[in-house]
1. Would you tally the residues in segment 494-547 being among the hydrophobic types (A, V, I, L, M, F, W, C), open to solvent by less than 20 Å² (accessible area, probe 1.4 Å) and closer than 30 Å to GLU429 by Cβ?
2. Just to be sure before I move on: is SER123 over 29 Å from ILE292 (Cα atoms), assigned to a loop (DSSP other than H, G, I, E, B), over 24 Å from the mean Cα position of the chain (by Cα) and at pLDDT below 85 in the structure I sent?
3. Looking only at residues in segment 430-462 that are part of a loop (DSSP other than H, G, I, E, B) and not small (Gly, Ala, Ser), which one is surrounded by the fewest Cβ atoms within 10 Å (Cβ to Cβ)?
4. Could you identify the single residue in PRO76, PRO14, PRO5 that is open to solvent by less than 40 Å² (accessible area, probe 1.4 Å), at pLDDT 90 or above and either over 16 Å from LYS272 (Cβ atoms) or aromatic (Phe, Trp, Tyr) (or both)?
5. Please find, within segment 1-15, the residue that is nearest to PHE430 (Cα to Cα) out of those that are of a type in the set (A, V, I, L, M, F, W, C) and in contact with a Lys or Arg (Cβ under 9 Å, 6 or more places away or on another chain).
6. Filter segment 50-73 for residues that are among the hydroxyl-bearing types (Ser, Thr, Tyr) and either closer than 17 Å to PHE36 by Cβ or assigned to a loop (DSSP other than H, G, I, E, B) (or both); which is modelled with the lowest pLDDT?
7. Let me spell it out: the conditions are (1) surrounded by 15 or more Cβ atoms within 10 Å (Cβ to Cβ); (2) at pLDDT 70 or above; (3) more than 24 Å from ARG13 (Cβ to Cβ), and TYR41 meets all of them except one. Which number is the exception?
8. Would you mind telling me which numbered condition in (1) of a type outside the set (A, V, I, L, M, F, W, C); (2) modelled with pLDDT under 90; (3) in contact with a helix residue (DSSP H, G or I) (Cβ under 6 Å, 6 or more places away or on another chain); (4) open to solvent by less than 40 Å² (accessible area, probe 1.4 Å) PRO87 fails?
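The values are calculated or read from the model by the stated rules, or taken from the named source; none is laboratory data. Remember, predicted model here, so these are calculated numbers, not experimental data. Glycine gets a Cβ as well: all are built from the backbone with ideal geometry, and neighbour counts include every protein chain shown. When the accessible area is computed, the model is the full protein with side chains, heavy atoms only, and any ligands, DNA or RNA have been set aside. Shrake-Rupley method; radii C 1.70, N 1.55, O 1.52, S 1.80 Å.
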Amino acid sequence: MYLRPIDLTTALRPSLLPDETLLFVQDAVGLYEGKFKIPQYQNGHAYLTSHRACYVDNEDPRKASVAVDLKDVDRPELYAGFMKSSPKITLIPKAAKGAARYRGPSASVTPLSSTPKPYSNSSSPLRSSTSSPAPQVSVNATWVCPICSFSNPVPSNFDPATATAHTPIPPCLACGIKPPLVNVVKAALTAMGNRRESAGPIAATHNTSTPTFQCPRCTFRNHPSLTTCEMCSASLVTMNKRLEVAGIKRAESPGLSLSTSSPGEESMENIKFSFRAGGEKIFLERVKSALIQRKWLLHSAPPVPKPGQVSADGTALDADAARSNRMVGIAGLERRGQDLRKNNELVIGNAFEDLEALMTSAKEIIALAEQFSSQANLSNNCNGNNSEAAALVSQSASALGLVTTKDMLGSGSTSDSLYVSELSRNLAEFLTDDARGVLKREGGIMSLVDLWAVFNRARGGVELISPADLSKAAQLWDSLKLPVRLRKFKSGVLVVQGRDRTDEKTVASLLAWFKLAHQEPPEVDVSWDWSRWGRGATAQEVAEAFGWSVGVATEELEMAEEKGVLCREQGLDGIRFWENWLKGV
């Protein structure tokens, strides 16, 4: 299992995959790979979705944002923390196909080979610690059963140098009891020593130079592959020391790496999320729920079959009966409408029985909501009520995936600030979404009051926000480096606009629009040379031309007037703004 880079939205949040939903958000999170911290990945946000566990860094989110696919996770484990050590959630990876199952830190570990091995540049996926072939056990090697004293043969593929507590050993042929590993290892080593002695003087010379390791308790010299002393059963030193005595060297570790491994090699190091501000228990609970539901399997799954037709008395009909009862004409249309209404009632009734059923049927409920809203829009268009309110109602179903509710956030002292920051990112995504085009429809700028009304209406009555929370969230756009910003006019009016929008660009667009009046004749006759001087415009006309509200248009015209680009004419019909021809006089 390795960390994969992810794509971010305009609000610097993970871009969700199809059918992926957000489950939990927590700030002040760091990443570990095995027992070591990953540099530059120690201050960020954790986003848990139905498909992935994502990390988004606060300092450099575009480069230092990674994710772990939940389909590669076997199980999560919780470390509650102790003193200065923060709580951590360990994601245990699944074992590679054809390899031994990874048991994780909670499993029993033997010093020989169950100790987690460091990363190696070796091309072998098994990362064997020795390059020499395994010694062959003599055919005559036998071990004596401690229960029935029956002599059993040692398996020909048994290697005492790599044997562990998990190595499969056949039971006794007489009583069927599995022997202790020490007995089989002793028998194999004795047979190997006898074979070397019988091979001649050369083998005997080589046998005398076999490295041994002295027991720290009884000073008996043991073979370096043994874990306990043969004489006093004392525990010997660590595996690294015994391999050093035996002349076996480990491959050098290249250090932590986030690059993907080769196709034949799987990284078995686990990933830890360190929670410095709480939220680890909720994260663990929702990771377990996501692993149980396994929603990533639904992406390639076939659609759920629809229930069969229902007769008039409420009993289900099979395919042949439904084909025989098929009607045409007006009666067929009425039957189709009746069946569709019964199907909708069945789906809605089953979905709202409990929360789990609602989450399972979320896609069908959203589809029904979009269908109802489209039918409402169709009826409004037929009646002539084609307003923006109907368009916003039709988009309310898609807003279900946008909401970051308070139950998705971690608890703790920073929960309020986390909610405000996530709300700020929600607002930025809502404004810059090309599908909705909220900011583009308003001419690239809109008042904060209008944003509050439009955002609450788009949420469809779910988790409505207060004006105070909206004001706090809007003030965080600059610190979070989001693509929108809050602007305050001289009169105190607060507006929202894109970060790339400046006063110079606004003045240039106003001047370009005023110059169009030199080319188009006015609708009524005027007493001046309109091709030379152009004509004036009210705030209402500018608002209609640029798609602004009247208040925003007035503020922009006054801003251009302060810069000396425009001048005003106050008459009986109100205030009109002209190009400033007096500046050059």
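1. Number of matching residues: 6.
2. Yes: the conditions hold for SER123.
3. Per the criteria, the residue is ASP434.
4. The unique qualifying residue is PRO14.
5. ALA11
6. Step by step, filter segment 50-73, then rank; the result is SER50.
7. Every listed condition holds for TYR41 apart from (3).
8. Unmet for PRO87, out of (1) of a type outside the set (A, V, I, L, M, F, W, C); (2) modelled with pLDDT under 90; (3) in contact with a helix residue (DSSP H, G or I) (Cβ under 6 Å, 6 or more places away or on another chain); (4) open to solvent by less than 40 Å² (accessible area, probe 1.4 Å): (2).
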